[in-house]
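What follows is a single structure, written as structure tokens, with notes after it.
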Amino acid sequence: MIKKIVFGLALLAGVNFFTSCSSCSSNSAENLDEIPDSVANAPLQLSENVVNDMIQNISSPVEMATSIKNSGAGFSEKVLNPSDNMKNYNSSFKRALNLGVYSADLGYINTFNKNSVVIQYLLAVKELADGINVGQFLDFSTLKRLATNSTNLDSLKQLSVTSFNKMDRYLREQKRANTSTAIIAGAWIEGIHITCDVVEQTKDEDLTNRLAEQKEIVSILLLVLDNYSKADKNFQALCQKIEAVKAAYESVRITYEFGDPITKVSDDGMLVIEQNEIPHYEFTPNKETVINNIISAVREARQFVVE
């Protein structure tokens, strides 16, 4: 079953990156409206509440990064979007997309405690956040201090969630939900791109299943993005790439069986009983062909995002 994940927690992945700066650059406002106002204010085919609920179900890059580490795969810097690419993103759309990308990269970096590269990615996040006028919600100096000390990861995560929630709320209040959606899309694409690379190298069964379960996620993401594609050629082009990913997933069939209920204690101390659903995956005509097709489509979508 699709897991509900608060996206702020997801972007934890970026270890908070969303959360990462404290000031806005002087020329940010000049580029702020490069995503047309007509798009930001366009009526949605889906209500905002429905869109928000869908976004809650989009997979967390943090979870993906943790699964990668648990598989025994090592860290690979080559799968990341080089931090120097940040200077190539001159439109609000590209800045928002790659703010998401670098957030997922940061999550991956921090999961493996690679402090040697974390600062350059935090700086890239800062620059992009400033570029779309949301840098005021990111405490860069605190993030930098926490990110370079592995004993502070819990504090880093909490700061990330708080910062992202403020950013997301601000974007929606300013009728810029499209920008928030682009950030989310970028983070998801980068997270699944990194997963594809590891699956291709290791053939890890658990990670392959995590990749397969994204069939449900890609449909949700596409519905959200489609709200903006009718009025914006950027979202239109992104939807075409995601449509190709969705088509590659058509050969995956997911079924569920009920397992024993799981009892948990919620954050507020309440006892919660959750239904345990065990997924099963079928690939037609065979797993290797299907996974290779998915990897190919994901790489093409990711190339569009980071180019």
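Readers should treat all values here as calculations from the given coordinates under stated rules, not as data from a laboratory. As the structure is a computational prediction, the values presented were derived from the model and not from experiment. FYI the Cβ positions are ideal-geometry reconstructions off the backbone, even for glycines, and counts take in every protein chain you see.
Before moving on, here are some points about what is shown:
- Taking each of K175/K246; K78/K233; K126/K230; K246/K287; K69/K126 in turn, the alpha-carbon distance tops 23 angstrom for K175/K246; K78/K233; K126/K230; K69/K126.
- One chain, two ends: Q303 and L223. Fully extended at 0.36 nm per residue, the span grows by 26.7 nm beyond their Cα-Cα distance.
- Computed from backbone phi with θ = phi - 60° and the Karplus coefficients 6.51, -1.76 and 1.60, the 3J(HN,Hα) list for region 90-103 is 10, 10, 4, 4, 5, 5, 5, 4, 7, 4, x, 4, 5, 5 Hz; x is used for glycine and proline.
- A simple count of charges around T284, restricted to other residues whose Cβ falls under 15 Å of its Cβ and scoring Lys, Arg +1 and Asp, Glu -1, yields 0.
- Shown here for region 165-274: GluC sites (Glu not before Pro) in loop regions (DSSP other than H, G, I, E, B) with at most 15 other Cβ atoms within 10 Å, namely E250.
- The phi torsions of region 106-122, fed into the Karplus equation with coefficients 6.51, -1.76 and 1.60 and a -60° offset, translate into couplings of 5, x, 4, 4, 6, 4, 9, 6, 8, 5, 5, 10, 5, 5, 5, 7, 4 Hz, rounded to whole numbers, with Gly and Pro shown as x.
- Assigned charges on the beta-carbon of Lys, Arg, Asp, Glu; region 193-307 dipole about Cα centre (debye): 540
- Neighbours of G72 by Cβ distance under 13 Å: Lys/Arg scored +1, Asp/Glu scored -1, total -1.
- Around S180: net Lys/Arg minus Asp/Glu count, Cβ-Cβ under 10 Å: +2
- The E77 and Y170 beta-carbon pair, evaluated with R₀ = 25 Å, returns a calculated FRET efficiency of approximately 0.15.
- For region 294-307, Karplus couplings with θ = phi - 60° (6.51, -1.76, 1.60), whole Hz, Gly/Pro x: 5, 4, 4, 5, 5, 4, 5, 5, 5, 4, 4, 5, 8, 5
- Distance between the 7 Å Cα→Cβ label points at N115 and K264: 3.2 nm.
- Relative to the current alpha-carbon distance between D206 and T66, full extension at 0.36 nm per residue lengthens the span by 49.2 nm.
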